[in-house]
Amino acid sequence: MLNRSKKDNNNLKEIINSKFLKLAKFQKQIDDNVTQCLTCERKCKIPKGKAGFCKTRINKDGQIYSIVYGLIPALSINPIEKKPLYHFYPGSKALTVGTYGCNFTCFWCQNHHLSKTNPLKVVQFATIDEFLSPEKLIEMALKRKCQGTSISFNEPTLLFEYALEVFKLAKQNGLYNTYITNGYMTEEVLRDLIDAGLDAMNIDIKGEADMVQKYCGVDVEKVWRNAKLAKDLGVHIEITTLIIQELNSNEKIIKRIAEKILNKLGEDTPYHISRFFPHYKSQEYGISEPTPINLLYKAYDMAKKVGLNYVYLGNLPTTNYDHTYCPKCTKLVIKRKILGVEETFLDPKGNCKYCGFPICII
């Protein structure tokens, strides 16, 4: 939380460079001292001079501001397969950006150097040279011959206001837009992102309700709600679960997650099952070894048995579990290499070239 004097509170725009401040689009004033942030489902009620849970939102003089607008410490050009998005413009590249902070409490975070860094401690010393405007971002994407944008690394919902501008400009320039997300934004935020040009999301389903509440501090049903809403509104959805031994590796858990994907999102929804490697505070929680590979194979078999057409294993050396096979004739239709596409066996309409079955590919 921000611990500042009344004088400091009145001068936050001087303490935090105004370039990085952006009025939050969704907020609600509770009383003279408290305003509620309505960006994610935590819906923090933030007193004046304080910050919300993610530390990217502050209450300045009764209004909520984002303090990370254009603060982009992470930027890279990634194959779309790295997201992972396997059924969305295969072989294309996305200019990918992220900032600091997170609204989850996962002890295993792979990007903890960003997500667990307090944005308040960084932005006070950020200079104008570190500001990346949406216009400059799109200029970079075009110059580097990317086909789209992606907001990732930390939770992209925290860059909501920035994403709106980026997505609109991307669409004007013929680029696609993607979110790699925990899916915990409010419905209003999700609808706004889609209206601005969000095309695809990989949503992390971390486990079942009890596990997600205990280790992430949130209600996973809100994530499922958003996945279905986005799907219904025409967004391409892929789901990822990181398999952590003894937390969500039980076959019954995988079965129930796969069944929810099937029933809520459809049999053609790609499901990525990824191997866990210890990161961040994993050892403090008694987990010091990667997930045994045989557990991933069992999870794969269970998800396929449930009826999902496209199941993949991630965080493994390149294997046959990276490739796409026709659900009808079972022949290889997309052969992948490490973070890319090596060869495709599809007709111009995206159907299996062997039997004509329509493969769910954008």
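Just a few scattered comments:
- With Cα atoms defining each centre, segment 70-96 and segment 112-147 are spaced 15 Å apart in the structure.
- Folded to 0 to 90 degrees: helix 160-172 orientation relative to the chain principal axis, Cα: 60
- Percent of beta bridges antiparallel (DSSP, the chain, rounded to nearest 5): 55
- A cut-off under 13 angstrom between Cβ atoms defines the neighbours of Asn154, and their net charge, with Lys, Arg +1 and Asp, Glu -1, is 0.
- Order of Ile243, Ile338 under a 10 Å beta carbon neighbour criterion, fewest first: Ile338, Ile243
- Backbone geometry of segment 201-207 corresponds, through the Karplus equation with coefficients 6.51, -1.76 and 1.60 at θ = phi - 60°, to 3J(HN,Hα) couplings of 9, 9, 10, 8, 9, 7, x Hz, x marking Gly and Pro.
- Only helical runs count toward this figure. For the chain, summing -39,500 (n - 2.57) over DSSP H runs of n ≥ 4 and dividing by all residues gives -7500 deg cm²/dmol at 222 nm.
- Members of Lys304/Lys353; Lys171/Lys305; Lys168/Lys337; Lys43/Lys145; Lys168/Lys331 lying beyond 29 Å, as alpha-carbon distances in this model show: Lys171/Lys305; Lys168/Lys337; Lys43/Lys145; Lys168/Lys331
- Fewest-first sequence of Phe53, Phe277 by Cβ atoms within 10 Å of each Cβ: Phe277, Phe53
- A Förster radius of 25 Å, combined with the Cβ-Cβ distance separating Leu339 from Ile293, puts the computed FRET efficiency at roughly 0.80.
- Listed residues Thr149, Thr35, Thr319, most fluctuating in the chain (Gaussian network, C-alpha, under 10 Å): Thr319
- Dipole magnitude (debye, nearest 20) for the chain, charges at Cβ of Lys, Arg, Asp, Glu: 220
- Translational D in µm²/s for segment 74-198 (Stokes-Einstein at 10 °C, 1.306 mPa s, Kirkwood Rh from C-alpha pairs): 106
- The residues neighbouring Cys216, those whose beta-carbon lies less than 10 Å from its own, together hold a net charge of 0 under the Lys/Arg +1, Asp/Glu -1 convention.
- For chymotrypsin sites (Phe, Trp or Tyr not before Pro), the sites in segment 100-153 that DSSP calls loop and that have at most 15 other Cβ atoms within 10 Å are Phe125.
- Judged by the ratio a/c of the largest to the smallest principal axis of the C-alpha gyration tensor, the chain counts as prolate, that ratio being 1.5 or greater while a/b is larger than b/c.
- Of Lys93/Lys264; Lys25/Lys281; Lys214/Lys264; Lys93/Lys222; Lys19/Lys60; Lys83/Lys255, pairs whose Cα-Cα distance is over 26 Å: Lys93/Lys264; Lys25/Lys281; Lys93/Lys222
- Each residue of segment 251-268 is assigned a 3J(HN,Hα), and the resulting list reads 4, 5, 5, 4, 4, 5, 5, 4, 5, 5, 4, 4, 7, 8, 10, x, 5, 8 Hz, derived from the Karplus form 6.51 cos²θ - 1.76 cosθ + 1.60 (θ = phi - 60°), x at Gly and Pro.
- ³J(HN,Hα) computed for each position of segment 87-103 - Karplus, 6.51 cos²θ - 1.76 cosθ + 1.60, integer Hz, glycine/proline x: 10, 10, 6, x, x, 7, 10, 10, 6, 10, 9, x, 10, 9, x, 7, 9
- √(5λ) per eigenvalue of the Cα gyration tensor, segment 209-335, largest first, Å: 24, 20, 12
- Summing Lys and Arg as +1 and Asp and Glu as -1 over all other residues whose Cβ lies under 9 Å from the Cβ of Gln36 gives a net charge of +3.
- Taking the longest Cα principal axis of the chain as reference, the axis of helix 187-196 is set at about 80 degrees.
We did not get these values from a lab; they are worked out from the coordinates using the rules stated. The structure displayed is predicted, hence computed values, not measured ones. Every residue, glycine among them, receives a Cβ derived from its backbone with ideal geometry; neighbour counts consider all protein chains shown.
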